[in-house]
Each structure stands twice: as structure tokens, then as C-alpha cells.
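Visitor: Have a look at this one.
The values are calculated or read from the model by the stated rules, or taken from the named source; none is laboratory data. Since we're looking at a predicted model, the values are computed, not measured. Methodologically, a virtual Cβ is constructed for each residue, glycine included, from the backbone with ideal geometry; neighbour enumeration extends over all protein chains shown.
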Amino acid sequence: MPENPSSAAPTVVRLPRYTKANQEEILGGGDDPFGVARTGLTWLPKEEHFGIRHEDRLVAHAGLLRLPVAIGGATTEVVGVGGVAVAPDMQGQGLARLVVTAALEHARTMGPQHALLFCRSPLVPLYQRLGWHPLDKDVLVEQPEGRLVTMPLRTMVTPLRDDAHWPSGPIRLLSLPM
Ligand SMILES: CC(C)(COP(=O)(O)OP(=O)(O)OC[C@H]1O[C@@H](n2cnc3c(N)ncnc32)[C@H](O)[C@@H]1OP(=O)(O)O)[C@@H](O)C(=O)NCCC(=O)NCCS
């Protein structure tokens with residue numbers, strides 16, 4: 001019997017690319033779908049993309065990329081997570097949990113010991129529910145023309161290995177934020 005795609009459990013797929021049109025398919029074409037325009041920050045696109053399709057439409061996304069970071073004077077890398085999005089009519093059904101969990105499974109194969117994301121304060125409890133921890137210190141990030149700014153959003157991290165511990169010391173992302 002053919003499977004009815006609308007009743008099948010949602011599954012995460014690797015997306016070969018993720019365009020502005022894909023993002024609009026999920027979140028619509030509004031000016032500020034992530035609610036971060038007030039920061040005025042310039043962001044990096046992500047390099048690896050995970051998505052969920054529902055009835056031939058992309059309804060969720062999470063993106064990843066490796067980023068250099070200085071923590072307490074030592075330089076290392078983190079997996080940056082960004083562009084987490086679920087279509088408004090599909091929110092509250094666990095799709096962010098599903099797509100972020102799948103992205104993190106892949107992140108565990110990328111090398112860095114931690115994943116890091118930036119989010120608005122109201123989303124901290126949601127990411128805590130997914131196992132992330134807020135960092136209660138300022139994080140410096142790069143901006144065009146070599147400017148260094150303090151990230152105004154909350155920074156959250158999650159270990160990618162059982163034995164990973166976030167090092168102490170000041171944190172500076174050696175790139176644009178993602
Ligand atoms: C933020 C967003 C991705 C969440 O998507 P979602 O599919 O509704 O999230 P989920 O249903 O997977 O919820 C994830 C978990 O957080 C929990 N949660 C949701 N809101 C919460 C809150 N305010 N406090 C605590 N936990 C919360 C859910 O119960 C769920 O936990 P559970 O799986 O243990 O039940 C979605 O609202 C969105 O796309 N917003 C617009 C774009 C955006 O702001 N993206 C964030 C970029 S950092």
C-alpha cells in the first residue's frame with residue numbers, strides 16, 4: 001500500500017543547499033524572521049544543512065559550520081549552529097528538537113568538542129530543554145572591516161563528546177557570527 005506522506009513520521013534529510021527561497025518557504029518573506037534585525041549584525045551563511053519536508057514543502061531547517069574561536073587564550077574550533085527555523089503552522093510539534101538533534105549527530109563527526117549558538121533570551125529555555133547551556137559571559141564576535149563587537153544575543157553551548165568541558169576564560173569568535 002502506498003504510504004501517505006502526510007501521516008508518515010517526519011524525518012530529517014541532509015539538504016544539498018539552502019537558499020533564501022528555502023528559508024522563505026519555511027518562515028515566509030518577512031523582514032526579520034529571526035527577530036534579530038535590531039542587533040544590526042552581519043551573519044555567516046551555514047555550510048551544512050538539515051531539513052524536514054512535509055507534503056512536498058520544506059518546514060524545518062538547521063544549519064552548521066565550523067568556526068575558529070579563542071577561549072582563554074587558546075584557539076580551537078566549535079560547530080556553529082544557526083538558521084534554526086520551523087514553519088509557523090508546524091511549530092510546537094517537536095520539529096526543532098528533531099532537526100537540531102539530527103544536525104548535532106552530524107556535528108559529532110566534525111571534530112570540535114562543542115557546538116555553539118546565539119539566540120534571543122526567550123529561546124534560552126527551549127534550547128535548555130534540548131540539552132544546551134547558556135554561557136553567562138560576554139562573547140566577542142567579528143564584524144565587517146575588522147570590527148569586534150560584544151554579541152548582544154545569548155550564547156549557548158552543548159558538548160559533542162561525553163568528556164568535553166567548556167574551558168574557562170574570555171571567548172572571542174574569530175569570525176563573523178553564524
Ligand atoms: C524557535 C523555533 C525553531 C522552535 O521550533 P518548534 O518546532 O516549535 O520547537 P519544538 O516543538 O521542537 O520545541 C523544542 C522543545 O522546546 C520546548 N519548548 C518550547 N518552547 C519552550 C519554552 N518557552 N520554554 C521551555 N521549553 C520550551 C518544547 O516543549 C520542546 O521540548 P520537548 O521536545 O521536550 O517537548 C520556532 O519557533 C521558529 O522557527 N521560530 C522563528 C525562527 C527563530 O527564532 N529561530 C531560532 C533561531 S536561534
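Visitor: Taking the stated definitions as given, is L98 surrounded by fewer than 19 Cβ atoms within 10 Å (Cβ to Cβ) and under 15 Å from the mean Cα position of the chain (by Cα)?
Guide: no
Visitor: Tally up the residues in the stretch 67-89 that are touching a helix residue (DSSP H, G or I) at 6+ places or on another chain (Cβ under 9 Å) and either touching a residue at least 60 places away in the same chain (Cβ under 8 Å) or over 16 Å from C119 (Cβ atoms) (or both), please.
Guide: Final tally of qualifying residues: 7.
Visitor: So, one more: Residues in the stretch 119-135 that are near the ligand (Cβ under 7 Å from one of its atoms), under 13 Å from the mean Cα position of the chain (by Cα) and not aliphatic (A, V, I, L, M): how many?
Guide: Summing the residues that are near the ligand (Cβ under 7 Å from one of its atoms), under 13 Å from the mean Cα position of the chain (by Cα) and not aliphatic (A, V, I, L, M) in the stretch 119-135 gives 2.
Visitor: Give me a count of the residues in the stretch 71-100 that are among the basic types (K, R) and either at pLDDT below 95 or part of a strand (DSSP E or B) (or both).
Guide: 0
Visitor: Pick out the one residue from L104, L95, L65 that is within 26 Å of E25 (Cβ to Cβ) and either among the polar types (S, T, N, Q) or within 8 Å of the ligand (Cβ to nearest atom) (or both).
Guide: Of L104, L95, L65, the one residue that is within 26 Å of E25 (Cβ to Cβ) and either among the polar types (S, T, N, Q) or within 8 Å of the ligand (Cβ to nearest atom) (or both) is L95.
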